[in-house]
Amino acid sequence: MTRRWSKESIGLEIRHMYDAGENLNYAAVAASHISLLRAATRYFGSWESAISFAGLNYDEIRRYKSWNRQRIINRIQQLYDDGVDLSWRNVCCHVDPQLAAAATKKSHFGSWREALKASGLDYESIRRYRDWDDDRIIESVREHATNGHPLNAKNVQLEDVALITAARRRFDSWHEALSAAGLDYRKIVLRAPFKRKKRLVDTQTIPLALAAAPISVGK
């Protein structure tokens with residue numbers, strides 16, 4: 001039975017395919033969804049116009065490449081490095097629905113947990129991101145400071161990725177979270193480099209000072 005198309009049903013079908021992580025560039029749709037492509041061309045004049053009607057960016061669709069395991073891993077790691085909340089709900093509803101759909105396909109990883117694991121990330125830490133609120137972040141930052149832990153971003157990224165990711169999400173940046181906790185961000189950033197510089201100056205200037213000192217010759 002031939003399906004009856006309308007502008008609305010075409011737009012809904014495109015959105016459904018997009019959310020399912022399907023390739024929507026022209027060649028892919030022509031190969032696997034020719035009836036949809038013909039209907040879109042008939043109602044909108046072009047596939048690009050149909051894509052725009054569905055609320056999607058045609059330039060992004062045109063450049064789209066099919067998902068594979070490595071591309072999924074690369075995308076997850078990129079988002080992680082950018083400090084994005086990678087909890088399942090946030091990724092599938094807000095950040096990248098296509099990534100979420102592709103990662104959970106049986107032909108790829110089968111679940112978001114396995115996709116994170118394959119990307120070298122700890123699922124339990126990622127899952128707990130949603131439990132963070134402003135007060136818990138501030139309390140944790142102060143606890144780290146009290147215990148003498150280095151609070152520069154690089155060190156916290158290694159020691160407590162859940163904290164720094166949640167802090168960046170709720171305070172926009174790590175230094176804003178430090179300020180909210182009553183800490184001086186500039187001192188934290190400059191402390192380690194200053195110590196290294198001081199040691200470098202000491203090792204360089206002391207021998208020079210000795211060399212410049214007058215030599216006493218006994219009479």
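The values are calculated or read from the model by the stated rules, or taken from the named source; none is laboratory data. Being a predicted model, the structure only gives us computed values, none of them experimental. Because the Cβ atoms are built from the backbone with ideal geometry, glycine has one as well, and the counts that use them run over all protein chains shown.
Restricted to region 143-172, and to residues there that are in contact with an Asp or Glu (Cβ under 9 Å, 6 or more places away or on another chain) and not in a helix (DSSP H, G or I), the residue that is surrounded by the most Cβ atoms within 10 Å (Cβ to Cβ) is Pro150.
Could you say which residue among Ile72, Ile51, Ile137 is in contact with a Phe, Trp or Tyr (Cβ under 9 Å, 6 or more places away or on another chain) and either within 23 Å of Leu178 (Cβ to Cβ) or acidic (Asp, Glu) (or both)?
Result: Ile137 is the single residue among Ile72, Ile51, Ile137 that is in contact with a Phe, Trp or Tyr (Cβ under 9 Å, 6 or more places away or on another chain) and either within 23 Å of Leu178 (Cβ to Cβ) or acidic (Asp, Glu) (or both).
Can you report the number of residues in region 46-72 which are modelled with pLDDT under 90 and small (Gly, Ala, Ser)? Residues flagged as modelled with pLDDT under 90 and small (Gly, Ala, Ser) within region 46-72 amount to 1. Residues in region 88-125 that are more than 15 Å from the chain's Cα centre (by Cα), surrounded by fewer than 20 Cβ atoms within 10 Å (Cβ to Cβ), touching a residue at least 40 places away in the same chain (Cβ under 8 Å) and not in a helix (DSSP H, G or I): 1 in all. Scanning region 174-193 turns up one or more residues that are on the phi > 0 side of the Ramachandran plot, at pLDDT 80 or above and small (Gly, Ala, Ser). Among residues of region 168-189 that are in contact (Cβ under 8 Å) with a residue 40 or more places away in the chain, those with a beta-carbon under 6 Å from a residue that is in a loop (DSSP other than H, G, I, E, B) and surrounded by 14 or more Cβ atoms within 10 Å (Cβ to Cβ) at least six positions away or on a different chain give the pairs Arg168/Gly83; Arg169/Asp85. Criterion applied to Leu12, Leu24 was being modelled with pLDDT of 85 or more and surrounded by 15 or more Cβ atoms within 10 Å (Cβ to Cβ), and the one residue passing it is Leu24. Against the list (1) modelled with pLDDT under 90; (2) outside the structural domain of Trp88 (by TED's automatic domain parsing); (3) in contact with a helix residue (DSSP H, G or I) (Cβ under 6 Å, 6 or more places away or on another chain), the condition Ser125 fails is (2).
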